[in-house]
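The values are calculated or read from the model by the stated rules, or taken from the named source; none is laboratory data. Nothing here was measured: the structure is a model prediction, and the numbers come from that model. Heads up, the Cβs are rebuilt from the backbone with ideal geometry, glycines too, and the neighbour counts pull from every protein chain shown. Accessible surface areas use protein heavy atoms only, side chains included; no ligands, DNA or RNA. Shrake-Rupley method; radii C 1.70, N 1.55, O 1.52, S 1.80 Å.
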Amino acid sequence: MDSSASKGLTLHSHTGVAYRFDPGSLCLELLTTGGPGPYRRYEVLHEPADLAAWADRSRLTPTPALEISEADVADMRRLRDALFRVVIAHTRGEPHPPGDLDTVNETAARPPLAPAITPTGQRQWAGTPSGTQLAATVARDAVELLTGPFAHRIRTCAAEDCHLVYVDTSRPGRRRWCSMEHCGNRHKVRALRARHSEEG
């Protein structure tokens, strides 16, 4: 699981309200870009610039200056869709879909982004990293997460109309919402209204 400090993602609700969402790992950040089946309508990875923009928003530090091809974008979408199905099966306690596991494992087997130190002691990425290396880094993060100490803490937001997936890294392990300022707040407002209507 990636341990870099998260920049956190800024997402927008269907009403256009911005809120912060930290899914807790690099691979789960990728799942906010779209997905298979009904999630296709949320697709944001259409061209190389879109994938570069996602890398910029991600928890990768520093942002890699990537050389991305159209094929890299298609490969990243394929990885994301496979990972989406694997993670959802995992949260439901179902067997991981074997074909999708193959996609994750084959991607993870490729060379990832390689960290390096600049002469001034700063962190950077070696060479000119490719979209393939970015995908390998995401896939390796998924392997670490799904086989690591937080594997049992991967959850889907408790709101019925929210499908965001996160890893609960809180100490007590009782996180229920993708974001307290979004779904958590909506739940509190609904509960308050319900109480008032009972009292009325």
For the stretch 26-180, just run the numbers: alpha carbon Rg, then divide by 2.2 N^0.38 Å, N being how many residues it has.
-> 1.06
Which distance in nm do the two modelled labels at Asp102 and Ala89 give, with both placed 7 Å along the Cα-to-Cβ direction?
-> 1.2 nm
Taking amide H positions as placed in the peptide plane 1.01 Å from N, state which residues far from Glu43 in sequence (5 or more) or on other chains have amide H under 5 Å from it.
-> Gly35
Report the accessible area of Tyr42, computed with a 1.4 Å probe over the heavy atoms of all protein chains in place, in Å² rounded to the nearest 10.
-> 120 Å²
Relative contact order in percent for the stretch 44-173 (Cα pairs under 8 Å, 6+ apart) equals 21 percent
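Calculate, for Asp56 and Asp168, the FRET efficiency according to 1/(1 + (r/R0)^6) with r their C-beta to C-beta distance and R0 22 Å; round to the nearest 0.05.
Numbers: r = 26 Å, r/R0 = 1.18.
It comes to 0.25.
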Long-range HN-HN contacts of Glu67 with modeled amide H, under 5 Å | Ser130, Gly131
